[in-house]
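Working notes, structure below.
Just so you know, all these numbers are worked out from the coordinates, no wet-lab data involved. Computed from a prediction, not measured in an experiment: that's the story for all the values here. Cβ: placed from backbone, ideal geometry, glycine included. Neighbour counts: every protein chain shown.
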Amino acid sequence: MADQEEIFGKIQEVLEEALGVDDDEVTPEATLQGDLGAESIDFLDIVFRLEKAFEIKIPKGELFPEDLMSADSDYIQEGKVTDEGVAAMREKLPFANIDGFAADPSVENVQNLYTVDMLCKFVSSKLAG
């Protein structure tokens with residue numbers, strides 16, 4: 001099984017290829033969208049590349065749940081994620097820093113949950129199986 005350093009290295013390569021970024025930009029705390037410039041279309045490519053790099057299967061919506069924060073969701077009120085929404089995020093995104101997000105649960109901060117470190121934790125859990 002790969003150790004954390006190996007996992008980070010492979011994820012770094014995946015993100016360099018998928019997003020066209022330099023390796024020094026891919027740090028554990030870098031956010032996929034804000035820091036690395038990922039767009040929604042890139043998430044499918046990232047999932048595909050992670051599956052290939054680590055020989056794992058990632059079911060649709062497991063890593064990037066599309067329905068979690070949809071506009072018609074009961075989880076959003078007045079531009080903030082509700083307590084119910086935060087609880088749902090804890091369940092669907094167990095590898096993200098939900099505690100940090102909960103301090104300021106503005107909808108625009110949701111994208112900051114998707115960090116390189118979160119990908120590393122996710123992949124590590126899949127490999128541990």
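Along the positive direction of the dipole of the chain (beta-carbon charges: Lys, Arg +1; Asp, Glu -1; about the Cα centre), which of G37, I11, A128 reaches farthest?
A128
Helix 83-92: angle to the longest alpha-carbon principal axis of the chain, degrees 0 to 90, nearest 10?
20
Starting from the Cα of V86, step 7 Å along the direction of its Cβ; do the same at K60; then give the gap between the two resulting points in nm.
3.2
Could you tell me the relative contact order of the chain? Use alpha-carbon pairs under 8 Å, at least six residues apart, and round to a whole percent.
33
Percent of Cα-Cα pairs per 5 Å bin, from 0 to the last occupied bin, for the stretch 65-113, please list those.
So the P(r) values, bin by bin, are 5, 24, 40, 26, 6, 0.
Give me the Debye-computed log₁₀ of I(q)/I(0) at q = 0.13, 0.17, 0.20, 0.21 Å⁻¹ for the chain, equal point scatterers on Cα only, no solvent, two decimals.
Scattering profile of the chain, log10 relative to I(0): -0.52, -0.89, -1.19, -1.28.
When the dipole is taken about the Cα centre of the chain, and only Lys, Arg (+1) and Asp, Glu (-1) are charged at their Cβ, what size is it in debye, to the nearest 20?
Around 540 debye, computed over the chain.
Sequence gap of 8 or more, or different chains, plus Cα separation below 28 Å: how many lysine pairs satisfy both in the chain?
21
Residues with amide H under 5 Å of T82's amide H, sequence separation 5 or more or different chain, H placed in the peptide plane at 1.01 Å from N; which?
Hits under the 5 Å cutoff: I76, Q77.
Under the definition of Cα pairs under 8 Å and six or more residues apart, what whole-number percent is the relative contact order of the stretch 65-113?
Relative contact order here is 32 percent.
As an exercise, identify the GluC sites (Glu not before Pro) in the stretch 27-81 lying in DSSP coil whose Cβ has no more than 15 other Cβ atoms within 10 Å.
Hits after loop and neighbour filter: E29, E39, E55, E62, E66, E78.
List, in order, the whole-Hz ³J(HN,Hα) value for each residue of the stretch 20-37 obtained from phi through the Karplus relation with A = 6.51, B = -1.76, C = 1.60 and θ = phi - 60°; use x for Gly and Pro.
x, 9, 7, 4, 6, 7, 8, 10, x, 8, 5, 8, 5, 7, x, 8, 9, x
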